[in-house]
Amino acid sequence: QVQLVESGGGLVQPGGSLTLSCTTSGSIFSLRVINWYRQAPGKERELVARIVNVDRTTYADSVKGRFTISRDNAKNTVYLRMNILKPEDTAVYYCNLSPQVVAGQYYPEVWGQGTLVTVSS
């Protein structure tokens, strides 16, 4: 069974930076669409960033210009570099593999356990 393990969360002051990592045990990592979601207290989970292949990326408007998603296929790892953090970025951040059909085989959606990011002075 595919697992996602996130790391890198923590407490950071406003204006600071953090890098989240997500490592998977699954196969065909380089072909998977990978997402970072977040869920703040009392709010719905929202898509923060997505990466398709190596360089096709999309971002939520609220993080454009501040967050960068990237992947290292050799390490089966995706990263979320977060700069100029704001208190409103405080949330649990989740790594996600989108459900996909690759070469006729269905690969289901997978969620990580989440990592807490707190932006506060």
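The values are calculated or read from the model by the stated rules, or taken from the named source; none is laboratory data. In this text the structure is predicted, and so the values were computed from the model without any measurement. Here the Cβ positions follow ideal geometry from the backbone for every residue, glycine too, while neighbour counts run over all protein chains shown. Accessible surface areas use protein heavy atoms only, side chains included; no ligands, DNA or RNA. Shrake-Rupley method; radii C 1.70, N 1.55, O 1.52, S 1.80 Å.
Assorted remarks:
- Excluding exposed DSSP-loop GluC sites (Glu not before Pro) (at most 12 other C-beta within 10 Å), longest clean stretch of the chain: 45-108
- To the nearest 10, the accessible area of LYS43 is 140 Å² with a 1.4 Å probe.
- Carbon plus sulfur fraction of accessible area for the chain, probe 1.4 Å, in percent: 50
- Debye-sum result for the chain in log10 I(q)/I(0), which assumes one identical scatterer on each alpha carbon, at q = 0.17, 0.19, 0.22 Å⁻¹: -0.79, -0.98, -1.28
- Ratio of Rg to Rh over segment 62-107 (Cα coordinates, Kirkwood Rh, two decimals): 1.09
- GNM flexibility winner over the chain from ARG81, ARG50, ARG66 (Cα, springs under 10 Å): ARG66
- In this label model, THR58 and ALA103 are separated by 2.7 nm, measuring between points 7 Å along each Cα→Cβ vector.
- Note that segment 60-121 presents 51 Å² accessible area per residue, ligands and nucleic acids not counted, probe 1.4 Å.
- The chain: most fluctuating residue of ILE28, ILE69, ILE51 per GNM, C-alpha cutoff 10 Å: ILE28
- Among VAL101, VAL63, VAL48: highest mean-square fluctuation, GNM of the chain, C-alpha pairs under 10 Å: VAL101
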